[in-house]
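**Q** Take this structure first; my questions come after.
Derivation of every value follows stated rules applied to the coordinates shown; laboratory data play no part. Note that the structure is a prediction, hence the values are computed from the model and not measured. Cβ placement follows ideal geometry from the backbone for every residue including glycine, while neighbour counts extend to all protein chains displayed.
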Amino acid sequence: MIRTVKKWLNLKKLWFDFKVREKKRKRSESEERYIEAPKVTFVIQSFNHCDNIKMLAERLQSLPYQECIVCEDGSVDGSLRQWLKYFNRPNDFVIHSNDLHEIRTYDRALRYANGELVCLLQDDDAPPSTSAWFDEAVSLFNRYPDLIVLGGWLGFQGIESDSVEQKQYWSAGDLTNQYKKEALHSEGGGPMHRFVEAINVGPVFIRRKAFVDMGGFDLDFSQVGWPGIHFDVALSLQVWLQGGQVAWYDAGFRQAGARGTESFGNLDRRKQQLITNHKLLVEKFGEQMADIQKRVAESEKARTDWA
């Protein structure tokens, strides 16, 4: 009996060794190579949108992004298995956490990334099938050395210092409002770009070094596991105060489901967090909004080469 067990264990080890060697052989024969200093890293927040992963993989992997980090935050729908299936290239990483929510998972992943630029996405995002949105973003960062944050979903303008409410915005989503139609497109029909006071996720491109130098996201905007409403607005306003620039452009994204984790969240908690974080924005930035708006206006006036 003992000899039989030992023989079985030896066979199991031989089979395991064979699988390891075979995997390493296939990897060595592959044309895919690890890139030490990628230009762009995608960081995807994942929470129970398993059905969207295959489409995300197909569209993102057609781009020269060079690196991808998935923040799998405790999904129960099989998302982790799907991420591992479709994101298995040398510069693909899957980080598993347990319902920390976006501020902390994004913040950790941004520090882990090697890309000069980091693009934040969510697992319910539906990027365009072409690379135009990606190419345009990289081009704008190359053109504007002080551009630190570029949002492709919503851009906020006219924030009031006493309420910090968004009075005007540019959206790449719902185009039923005439004002948004006018703001979105130039006379030539091309995408409109502009400097704005703030943007929201996602997509949002960030210069990684500048982000780290600023100290990352403000964790005051969320308890662990709670939605970080306006954490992206806070980052935007802080960028302006640090001498950087924030811009919005039409990335042409759509959503495959409810925005972010809204479809799974506690609505009462979200409402309370919205009120709390509005007050926090006023406390942190209210007295400085006039200065921020002056900087935005100066940047907007100085631009000459975009619509």
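**Q** Kindly put Trp15, Trp83 in sequence by how many other C-beta atoms sit within 10 Å of each C-beta, fewest to most.
**A** Trp15, Trp83
**Q** In the structure displayed, which of Lys271/Lys301; Lys13/Lys85; Lys54/Lys279; Lys54/Lys209 lie more than 28 Å apart, Cα to Cα?
**A** Values: Lys271/Lys301 37 Å; Lys13/Lys85 25 Å; Lys54/Lys279 39 Å; Lys54/Lys209 31 Å.
Going by Cα-Cα distance, Lys271/Lys301; Lys54/Lys279; Lys54/Lys209 fall outside the 28 Å limit.
**Q** Using only Cα atoms, locate the centre of segment 128-152 and the centre of segment 109-125, then give the distance between them in Å, rounded to an integer.
**A** 14 Å
**Q** Sticking with this structure for a sec: Given H placed on each backbone N at 1.01 Å, which residues far from Phe93 in sequence or on other chains put an amide H within less than 5 Å of it?
**A** Close amide H contacts, sequence-distant or interchain: Cys68, Ile69, Val70.
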